[in-house]
Amino acid sequence: MAADQQVGPREEYQSLRQELLESKRYVFERPLLIAAAGIAALGAFRETQAAPVPLIIAGLLLFNLWFTVNRLQSASRIVAYIQLALEPQPHAHWRGWETSLRAYRKWMKRSDADPIISRDLDKDAVPDALMYYPAIYQLHVGIALLAVVVSGSVLVRTPSPVTIACSGGTLVLVAWFAFHAVRHRPGCMRSLIERNRVIWRQVLQELSANPAAGAVG
């Protein structure tokens, strides 16, 4: 690779910022697409044919909640890395995202990782970051409740083995969704960036002290 084509901190910073923007776009678009597709499907089918629609919506919501949480965790990891490794006064010599991320994953497998995070987490510095998450979260909850109402309405109006099965499946998926929604409620997600700052500080310090620890192989 030519010298002028090599990736440096500036290029990595721009790339990670772009990834953050793309991640936010997907987080906003997907639940809206699920809601729009569900409404369109309910309007296109008769009641008996529409019975599986709430079940499908509930399944998609469950998957999309997992996807959203995964994206937020990834975004928080990137934000904390940018703050510590790429912005002014870095805590460690720059080694690149992939090398640093590999060291991050290895550090997280340490038996003392959670105690160190709990010890060093600055609760007073927890930011009001990811402020779009509460709105996305509430949208997911609203769609899930709507799926239950529609499913129950179809069951009451046209009871049959199909509508009973679909209604039961919808309730099971929404209950599973509710379990994960409680685990990943906005209040539990607020500290993601600060938590990742603690982890990255440890990882970057270890990489700086022992450069061979981040070597691939």
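The values are calculated or read from the model by the stated rules, or taken from the named source; none is laboratory data. Everything numeric here is computed off the predicted structure, so don't read it as measured data. Note: ideal-geometry Cβ built from the backbone for every residue, glycine included; neighbour counts use all protein chains shown.
Among the residues making up the range 47-87, those that are closer than 30 Å to residue 10 by Cα, hydrophobic (A, V, I, L, M, F, W, C) and modelled with pLDDT under 85 are 84, 85, 86. Restricting attention to the range 173-186, the residues being in a helix (DSSP H, G or I) and surrounded by fewer than 19 Cβ atoms within 10 Å (Cβ to Cβ) number 9.
From the residues in the range 101-121 that are of a type in the set (Ser, Thr, Tyr) and part of a helix (DSSP H, G or I), which one is surrounded by the most Cβ atoms within 10 Å (Cβ to Cβ)?
The first filter runs over the range 101-121 and keeps only residues of a type in the set (Ser, Thr, Tyr), leaving 104, 111, 118.
From the residues that got through so far, the ones that are part of a helix (DSSP H, G or I) too are 104, 118.
Details: 104: 21, 118: 10.
Residue satisfying both the conditions and the ranking: 104.
The residues listed here are 154, 162; of these, the one that is more than 21 Å from residue 71 (Cα to Cα), part of a helix (DSSP H, G or I), of a type outside the set (Phe, Trp, Tyr) and touching an Asp or Glu at 6+ places or on another chain (Cβ under 8 Å) is 154. So for the range 52-61 (the condition being buried (at least 19 other Cβ atoms within 10 Å of the Cβ) and outside any helix (DSSP H, G or I)), does at least one residue qualify? Taking every residue of the range 52-61 in turn, none turns out to be buried (at least 19 other Cβ atoms within 10 Å of the Cβ) and outside any helix (DSSP H, G or I). Here are the criteria: (1) at pLDDT 85 or above; (2) surrounded by 14 or more Cβ atoms within 10 Å (Cβ to Cβ). Tell me which single one residue 168 does not satisfy. Answer for residue 168: the failing condition is (2). For residue 39, the stated conditions do not hold, so it cannot be described as of a type in the set (Val, Ile, Thr), surrounded by fewer than 19 Cβ atoms within 10 Å (Cβ to Cβ) and at pLDDT 85 or above.
Select from the range 187-202 the residues that are surrounded by 15 or more Cβ atoms within 10 Å (Cβ to Cβ) and of a type outside the set (Lys, Arg) and list them in ascending order.
Here is the first cut: in the range 187-202, the residues surrounded by 15 or more Cβ atoms within 10 Å (Cβ to Cβ) are 189-202.
Once the filter is applied, which keeps residues that are surrounded by 15 or more Cβ atoms within 10 Å (Cβ to Cβ) and of a type outside the set (Lys, Arg), the range 187-202 yields 189, 191, 192, 193, 194, 196, 198, 199, 200, 202.
Might you let me know whether the range 23-33 holds any residue that is surrounded by fewer than 16 Cβ atoms within 10 Å (Cβ to Cβ), over 14 Å from the mean Cα position of the chain (by Cα) and modelled with pLDDT under 80? No, every residue in the range 23-33 fails to be surrounded by fewer than 16 Cβ atoms within 10 Å (Cβ to Cβ), over 14 Å from the mean Cα position of the chain (by Cα) and modelled with pLDDT under 80.
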